[in-house]
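The values are calculated or read from the model by the stated rules, or taken from the named source; none is laboratory data. Quick caveat: nothing in here was measured; it's all calculated off a predicted structure. For neighbour counting, all protein chains shown are included, and Cβ atoms are generated from backbone atoms with ideal geometry for every residue, glycine included. These area figures cover heavy atoms from the full protein model, side chains too; ligands, DNA and RNA do not enter into them. Shrake-Rupley method; radii C 1.70, N 1.55, O 1.52, S 1.80 Å.
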Amino acid sequence: MAAAAAAETPEVFRQCGCKGIRTCLICERLRGDLPWQVPPGKTHRFIYCSDTGWAVGAEESDFEGWAFPFPGVMLIEDFVTREEEAEMVRLMDLEPWKLSQSGRRKQDYGPKVNFRKQKLKTEGFQGLPSFSREVVRRMGLYPGLEGFRPVEQCNLDYCPERGSAIDSHLDDAWLWGERLVSLNLLSPTVLSMCREAPGSLLLCSAPSAAPDAMVDSVIAPSRSVLCQEVEVAIPLPCRSLLVLTGAARHQWKHAIHRRHIKARRVCATFRELSAEFCPGGRQQELGHELLQIALSFQGRPV
């Protein structure tokens, strides 16, 4: 009976890709760990409002009705249709998914990179997948994404049965450029932003969408809160495209908490080259080679 039960156990419950301190539901069950505990969260939670570009204090919190500007976020809803979403995921699932940390699976379309040594190899890199050609073309039609030419695409698969999550982090800035672009597929989730810098954030009365109200609020800060105590939640609807630049890209770490994965979620993240690899940069020739490969759209996961 036990052997038969084991044979019926889904593959995801028998192995994982966790290393070091990272865990998922699979390895926690295999090791007989205590139920996973939610790590201590930030003391004060704010919600990003795409209509105003401000982070607003959560309802029934100490900072309800208060807000601060949160620049560097652009959210485009319904960037792809339901039919395009279904077809993209179908094509992704035709390729192998590799086990990754914290209950995720991944597909990488990009050069092999050693970020610690700042070295990379083009061997095996054949470009972005063919189904991303139209997605990339469409990106360039939006203000703020003109000239966006991704050199890497990373697909991540999240599943509540695996306890999928990703720790708070900043993306590399040696190779990857100013704009981080992510397409959220299959289910809505929340991107959680935090900042470890010392100092305080000045708060104002939460603005309405009216420009005059926002201006009045900007010149009259009335409260402050420690940066290290704040978490900003950015709701990500299905089929939405998220762009992070400026402070949201370089100063605020981003994460996906386990509790925010309610159903299967697939995320395709696109990254452009940093100035070092662009025309006039120290490694412009390598950058040109990488872009030629990437934008051939003939790739398979590496």
Inter-probe distance in nm under a simple model that places probes 7 Å from Cα toward Cβ, at Ser222 and Lys117: 5.7 nm
The chain: relative contact order as a whole-number percent, Cα under 8 Å and 6+ apart: 27 percent
Carbon + sulfur, % of accessible area of segment 231-302 - ligands and nucleic acids excluded, 1.4 Å: 51 percent
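Solvent-accessible area per residue for the chain at a 1.4 Å probe radius, Å²?
51 Å²
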For segment 81-227: relative contact order, % (alpha-carbon pairs under 8 angstrom, 6 or more apart): 19 percent
Listed candidates (1) 156; (2) 119; (3) 169 - label of the one calculated as volume of the Cα convex hull per residue in Å³: (3)
GNM result for the chain, Cα springs below 10 Å: residue of Thr269, Thr189, Thr122 fluctuating most strongly: Thr122
Calculated FRET efficiency for the pair Leu202/Glu87, C-beta based, R₀ 35 Å, to 0.05: 0.15
Cα-centre dipole for the chain with unit charges at Cβ (Lys and Arg positive, Asp and Glu negative), debye to 20: 1140 debye
Unit charges at the beta carbon, dipole of segment 61-173: most positive-side option, Pro129, Leu141, Ala67: Pro129
GNM top mover of Tyr142, Tyr158, Tyr48 - the chain, alpha-carbon springs below 10 Å: Tyr142
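Take the solvent-accessible surface of the protein heavy atoms, probe 1.4 Å, and return the percent of it on segment 120-174 that carbon and sulfur atoms account for. Kindly include the intermediate steps, with their values, before the conclusion.
On the way: 1220 of 2360 Å².
The value for segment 120-174 is 52 percent carbon and sulfur by accessible area.
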Highest-MSF residue in the chain out of Phe115, Phe277, Phe68 [GNM, Cα springs under 10 Å]: Phe115
